[in-house]
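Here is the structure we will look at.
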Amino acid sequence: MNEERDYSFHAYLRGIFLLGFALLNLGLIMTGNIQLYIASHMMPLIYFATVVLFLLGVIQIIRSTSKNGNIEAACQCGSDHGIEGPKWIQTGIYSIFLLPLVLGFALPDHTFDSSVAEMRGIQYGSGQLAQEDTGPDGAEAAETDESNDRAEAYMDDPDGYLTELDEDAAPEGEDHYTVEEYYDQEQFDNHFETVADEYGSDNFVEVDDTNFLDIMTALDHHLHDFTGTKMEVMGFVYREPEFEDDQMVVARFSMTCCIADATVYGVLVEGEGAEAYEQDDWVRVRGTVEEGEYMDETLPQIQAESFEDEEEPDNPYVYPSFQ
Amino acid sequence: MPKTSGPPAWLKDGFGIVLLLGFILLFFNMANTADDGIFTLPSEWLVVNTIFLGILLEAIPFLLLGVFVSALIQVFVSEDALNRYLPKNAYAALFPAAVLGAIFPICECAIIPVVRRLIKKGMPLHVGVVFLVGAPILNPVVAGSTYFAFRDDLTVFYLRFGLAFGLAILIGGIMYLIFKNRDQLKWRSEELLGKESIDIKQGPPQKQHRLKQTFYHASDEFFLMGKYLIAGALIAAMFQTFLDREFLASLGANDWASTAVMMAFAYVLSLCSEADAFVAASFGNLFNEGSLAAFLLYGPMLDLKNTIMLFAFFKARFVLYFMVIVTIAVFSAIMGVQLFLL
């Protein structure tokens, strides 16, 4: 009988912890700050978890009140249900579950800044990350270029598509899918046109949250197509110790699934006025794209013409655009 | 009712109610704490906290999926049924196991409860090992994200999935050679009693209880697994915060060193296998393709958070062998590939 009583107390306590986790999820969703932890396209999973946690919590509490102590007897698994060890170990184990709840509820929500960027290293341009050249604009989405079809084919049926892809690619060798296929000149010009049309001036690209990674990728792979282009980009200021006073990086953190995989992407900016900005200030830079050099490597660089102070946006993170 | 030891019932109930009220109060206070917090920590520890919560919030839905699959197996799949579908020859089971692992979209947080449950139900150990190693990598979602991250040059993509399939079978085979079918799970004494009582034929559980049982199992297993996940996420968050990645890159001077460094890195980061490809891609300018593939192979097979779970549920000797074999297998496969193919 003693064990039964103990057992229902555990069920009761666990029910409360489950409700606690559900409340933490719900609270983060309601304040909108969940976006500081989880990438936006993963949100359906978080909704799912919140509902299931509530449900499990309620079921646990109901279970703890059931009078006919034979909850375990109906089950043949032996015991997976209890919590082992003496009292102090049990307390310790529940404290482990209390820790994320207390931290989550009580600590302020924190956004990543240049100190994290320093530890992680900056991707100038975008490293290897090649994103699909699909902007948010409808004109481009309507285009039936091959790469869009591929993305759709993948979205409809990831498994089948990848198998197909393997079959397609195998005989022709691994080099079949090259950068050029995704960023061929024509498609790239189209992209330019749509972006330029949208902002009503020739040869001008405004980098915003949705196209940040796309443009960084395009800059990295096709710098020559961009040199001489006017560009406006917003982000936080990051400086390496060896930078000149008029040099800085305008950077953003990108998130794929959760904040643990955050990576920093940025573009080198040079120009008079840059020295006025401190590490982590948010700034909007307008200038001309040119070839720059850092650590003996050619990198995209914006020769700045104007700087503008910016507030840190509510959601400082950018996401890959493929989802 | 006999006297219970410990605190009286009203105290226990009261404690729970106070706890719940506390959560509710904190919940309604969240809009205020979002910016300032009730208390606060130095900035770098806020980063640790953010990564810790990020990993956890992200992992919980997957863990829930894992424990529900496990609970459904427990309640609805009988041992007889399982044994009927398994090939009689131990080695013949390896290949279908790897294929099955590729079909189930289960990542590394969810795979441990499922494998543990299947082994408890009588599935051979080495088949479980194939799942453990293969399933987190060989799955459609991971294939998708790896493909997107490395679209420029699919070498890493092919290396990851080709080698994951081969290595899963190889590692499963080696584990069979060492352990045969000896039981490597930890059983508690009362569980062994439970195990016995299964042998004494009981009637099938009553139908109306099955749904209830599934939910009970799922939430109990959530707590069983959850504590290890939380501990692992906390340690991983500290590594994520305090490890300088460019220093890491400076260690990887040659092929073997950079492969070893990337494997160690994958181990401590404990990333979700769905997202690790993008992190690997961000190292494209610092590391060669072989090392990136090593990162993408080793991390999902073995990392900090799942090591803690493995030690909790399997015998220590088994986990140590498993870790050594996986490490050697991944490392030599990558070195071999770099020597002969790249």
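The values are calculated or read from the model by the stated rules, or taken from the named source; none is laboratory data. Source: prediction; values computed, not measured. Note that we place each Cβ from the backbone using ideal geometry, even for glycine, and neighbour counts take in every protein chain shown.
Things to note:
- The residues of segment B:252-278 that are at pLDDT 85 or above and not polar (S, T, N, Q), listed by number, are B:Trp256, B:Ala257, B:Ala260, B:Val261, B:Met262, B:Met263, B:Ala264, B:Phe265, B:Ala266, B:Tyr267, B:Val268.
- Subset tally (residues that are of a type in the set (Phe, Trp, Tyr), within 20 Å of the chain's Cα centre (by Cα) and part of a helix (DSSP H, G or I)) for segment A:202-242: 1
- Segment B:178-199, subset more than 10 Å from every other protein chain (Cβ to nearest Cβ) and exposed (fewer than 12 other Cβ atoms within 10 Å of the Cβ), residue modelled with the lowest pLDDT: B:Asp199
- Looking only at segment A:177-233, and only at residues there that are of a type in the set (A, V, I, L, M) and at pLDDT below 50, the one that is farthest from B:Asp153 (Cα to Cα): A:Ala196
- In segment B:260-281, the count of residues that are surrounded by 20 or more Cβ atoms within 10 Å (Cβ to Cβ), among the aromatic types (Phe, Trp, Tyr), within 11 Å of chain A (Cβ to nearest Cβ) and closer than 30 Å to B:Arg151 by Cα is one or more.
- Of the residues in segment B:4-11, at least one is assigned to a loop (DSSP other than H, G, I, E, B) and facing chain A (nearest Cβ under 7 Å).
- Cβ-Cβ distances below 7 Å connect the following pairs, each with a first residue in segment A:29-57 that is within 20 Å of A:Ala260 (Cβ to Cβ), a second residue that is surrounded by fewer than 22 Cβ atoms within 10 Å (Cβ to Cβ) and small (Gly, Ala, Ser), and a separation of six or more residues or different chains: A:Asn33/B:Ala34.
- Residues of segment B:118-138 classified as free of Cβ contacts under 8 Å to residues at least 60 places away in the same chain and touching a Cys at 6+ places or on another chain (Cβ under 9 Å), total: 1
- Residue pairs whose Cβ atoms lie under 6 Å apart, sitting 6 or more positions apart in sequence or on different chains, and linking a residue in segment B:26-44 that is within 25 Å of A:Ala22 (Cβ to Cβ) and in a helix (DSSP H, G or I) to a partner that is of a type in the set (A, V, I, L, M, F, W, C) and at pLDDT 85 or above, are B:Leu26/A:Phe105; B:Phe27/A:Leu23.
- Selection of segment A:243-299 for residues being of a type in the set (Ser, Thr, Tyr), under 24 Å from the mean Cα position of the chain (by Cα) and in a strand (DSSP E or B) yields A:Ser254, A:Thr263, A:Tyr265.
- Helices (runs of 4 or more DSSP H) fully within segment B:62-160 counting 1 or more residues that are surrounded by fewer than 18 Cβ atoms within 10 Å (Cβ to Cβ), within 14 Å of chain A (Cβ to nearest Cβ) and in contact with a Lys or Arg (Cβ under 6 Å, 6 or more places away or on another chain): B:79-85
- Matching entry among A:Thr91, A:Thr111, A:Thr144 (being under 27 Å from A:Leu299 (Cβ atoms) and at pLDDT below 90): A:Thr111
- Those residues of segment B:240-251 which are of a type outside the set (Val, Ile, Thr) and at pLDDT 85 or above, in sequence order: B:Phe242
- Here the helices (runs of 4 or more DSSP H) wholly within segment B:210-317 that include at least 2 residues being within 28 Å of A:Tyr12 (Cα to Cα) are B:304-313.
- Counted residues, segment A:214-261 - those being of a type in the set (Val, Ile, Thr) and either touching a Gly at 6+ places or on another chain (Cβ under 7 Å) or within 14 Å of chain B (Cβ to nearest Cβ) (or both): 5
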